[in-house]
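Written below as structure tokens is the structure these notes are about.
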Amino acid sequence: MKKEKNKKQQSGGNQESKQLIKTKERKPHNKLKLVGNIFITLIVVAIIIAAYVLINWGVEKLEIQDVDFTADKIYSITQPTKDKLANLNKDVTITLINMRVYTSVVDLANQYANLNEHIKVEQIDDISTRPDLESKYSLTSNDSVILFASNGKDKIVETYDLVTYDSTTNATIDKTEEAFTNAILDVTVEDRPKIYFLEGHSKYTKTNLASLQTAIGEEANDVENIDILANTKMPEDCDVLVISTLSEDLTDLERDEIIKYIKNGGEILLLQDPGVTISKDYKLPNFQKVLDEYGISIEKGIILETDAQKMIQGAPNFIINDVTLNSSITKNAGMNISACFINAGAINFEKPEKMEELGVDEYLTASTSNAFYRTNLNVISATKTDSDQDLPSSTTGAIVTKKINDEKESKLVVFSNAVFATDTKIQVANGHYIYAIDLYNNKDILLNSISYLTEREDNITIRKNVEVTTYTVTEQQHRIILTIIFAVPIAIIILGIVVWQIRRRKK
């Protein structure tokens, strides 16, 4: 019995020893398997990263167009640009110099090339290979610019021309498409219209109207200021005369020259604040003689709204007027547009029979039927008082066409407000200011008026405005962001594999 018991104990001991040996043999095998799995994972991750880099490199080399999934198609060429360039029949070369890092700009340039067969795109990454351009434009290896050229005309666009900034909101406003389209027009338009701003008596200086003048110039127009009294006559090449609110009356010479200009078929854009906002003794008989040519006058006083939906910030003198649908300055816009006038007056017209003698008129903007008129600006009440007048649906914008003869006519676009066209800062939120010209569609309305007066209907549109709030990161922040994007996911994958192996071993 003892011998059998000893044999069983010995046999059991041998089995335990064998099991222990097997366990010891399995441990290094599992370690090798774990290392192998980690190695395989790292290889897979490396392959994925390599594939990502390779695909992006291939897309860039093949110049495959990006697909724009944004609701407003902010990365695609807009319909207004397509319309403007639809009839382009001159060869244009867009040369991208040191612009490879600006991938969105390169992509947009290629979209222009696909838009019209007359547009070609060329990329130069080393300006030293083109000593002709290097010398002509004084370029260095560090300069990143876009050159537009056509039939001996050229224009350089810098990278800072592609954006503008709102310092109050830290917003970056993309102007790339606008800059490209205007540059193409600049080098292809044969005769650039000449726009003159009357100076010498205007309440608003060139500084006040800087944004408007710049915007007009960017649409392939030449913009200058003219002092008729100093020049003794109107310039013969004037296509449109812009008159903004006068702080004093015209001289007899200026009055006669402007009337002569009108009778010769001249075009005028008039931006006139109501007289009572300047002074109580605001009398401009010579200027009124000019307005009499079109059968209009500007009522003294300001319009105040009572409709909360037609004012901003609850201010009844900041009125919102919709522009008449299918008017001459909105018909190609494809959407409703509105102006925000500040202390606007009312445009008065001669009797219908008199207007019929003078020509044809077209109403553009008007206040609502709930508005009223105030001539006594000492009254500070926001609601209607006994001294205020009922003047519903007052006209604030109009087009008047004066027929000179069977072959000639003079057009006037008039708004009973000038503040809306200026760089006057308007507070629209706490600490947030915006230029009056940038409220609602003010700038579009003004630019479309110029396009209408210069008979360039392809320019009557709503211009693209892409605003993106951005921030600038430091180098250290950039490294942290890259770590989060790449290192953290890899670490999580490896940690997951280790935890999985540990749990597997415990089973």
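A quick yes/no check of all residues on (1) among the hydrophobic types (A, V, I, L, M, F, W, C); (2) modelled with pLDDT under 90:
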{"residue": "Asn110", "(1), (2)": "no, no"}
{"residue": "Ala113", "(1), (2)": "yes, no"}
{"residue": "Ser138", "(1), (2)": "no, no"}
{"residue": "Ser150", "(1), (2)": "no, no"}
{"residue": "Lys175", "(1), (2)": "no, yes"}
{"residue": "Lys206", "(1), (2)": "no, no"}
Margin query: Checking Asp458 against (1) within 20 Å of Leu325 (Cβ to Cβ); (2) open to solvent by less than 10 Å² (accessible area, probe 1.4 Å), only one condition comes out false. Which one?
Written below: (2)
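Residues are listed down the side, and each one gets a yes or a no for (1) part of a helix (DSSP H, G or I); (2) under 26 Å from the mean Cα position of the chain (by Cα); (3) buried (at least 22 other Cβ atoms within 10 Å of the Cβ); (4) not aromatic (Phe, Trp, Tyr):
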{"position": "Ile173", "(1), (2), (3), (4)": "no, yes, no, yes"}
{"position": "Val187", "(1), (2), (3), (4)": "yes, yes, no, yes"}
{"position": "Arg192", "(1), (2), (3), (4)": "no, yes, no, yes"}
{"position": "Gln213", "(1), (2), (3), (4)": "yes, yes, no, yes"}
{"position": "Gly217", "(1), (2), (3), (4)": "yes, yes, no, yes"}
{"position": "Asp249", "(1), (2), (3), (4)": "no, no, no, yes"}
{"position": "Leu253", "(1), (2), (3), (4)": "yes, no, no, yes"}
{"position": "Ile258", "(1), (2), (3), (4)": "yes, no, yes, yes"}
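Rundown of residues vs (1) of a type in the set (Asp, Glu); (2) outside any helix (DSSP H, G or I); (3) surrounded by 20 or more Cβ atoms within 10 Å (Cβ to Cβ), yes/no style:
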position: Ala179; (1), (2), (3): no, no, yes
position: Tyr196; (1), (2), (3): no, yes, yes
position: Lys206; (1), (2), (3): no, yes, no
position: Leu229; (1), (2), (3): no, no, no
position: Met234; (1), (2), (3): no, yes, yes
Notebook entry, point to check: Do the conditions hold for Glu350, that is, is it over 25 Å from Ser387 (Cβ atoms), open to solvent by 60 Å² or more (accessible area, probe 1.4 Å) and touching a residue at least 12 places away in the same chain (Cβ under 8 Å)?
Noted result: yes
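Given the criteria at pLDDT 90 or above and open to solvent by 40 Å² or more (accessible area, probe 1.4 Å), does Glu475 qualify?
Details: at pLDDT 90 or above: no; open to solvent by 40 Å² or more (accessible area, probe 1.4 Å): yes.
So Glu475 does not fit the description; no.
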Note to self: So Gly265 passes all but one of these: (1) buried (at least 19 other Cβ atoms within 10 Å of the Cβ); (2) in contact (Cβ under 8 Å) with a residue 60 or more places away in the chain. Which condition number does it fail?
What the structure shows: (1)
Checklist line | Every residue from the range 356-379 that is outside any loop (DSSP other than H, G, I, E, B), open to solvent by less than 10 Å² (accessible area, probe 1.4 Å) and among the hydrophobic types (A, V, I, L, M, F, W, C) | finding: Leu364, Phe372
Margin query: Restricting to the range 383-397, and then to whatever is over 24 Å from Leu271 (Cβ atoms) and either among the charged types (D, E, K, R) or under 34 Å from the mean Cα position of the chain (by Cα) (or both), can you tell me which residue is least open to solvent (accessible area, probe 1.4 Å)?
Written below: Asp388
Item checked: Residues that are more than 19 Å from Ala398 (Cα to Cα) and open to solvent by 50 Å² or more (accessible area, probe 1.4 Å), drawn from the range 297-334 -> Thr306, Ala308, Gln309, Gln313, Gly314, Gly334
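The values are calculated or read from the model by the stated rules, or taken from the named source; none is laboratory data. Keep in mind the model is a prediction, meaning the values are calculated, not measured. A quick note on method: Cβ atoms are made from the backbone with ideal geometry, for glycine too, and the neighbour counts reach across all protein chains shown. What goes into the accessible areas is simple: the full protein's heavy atoms, side chains included, and nothing from ligands, DNA or RNA. Shrake-Rupley method; radii C 1.70, N 1.55, O 1.52, S 1.80 Å.
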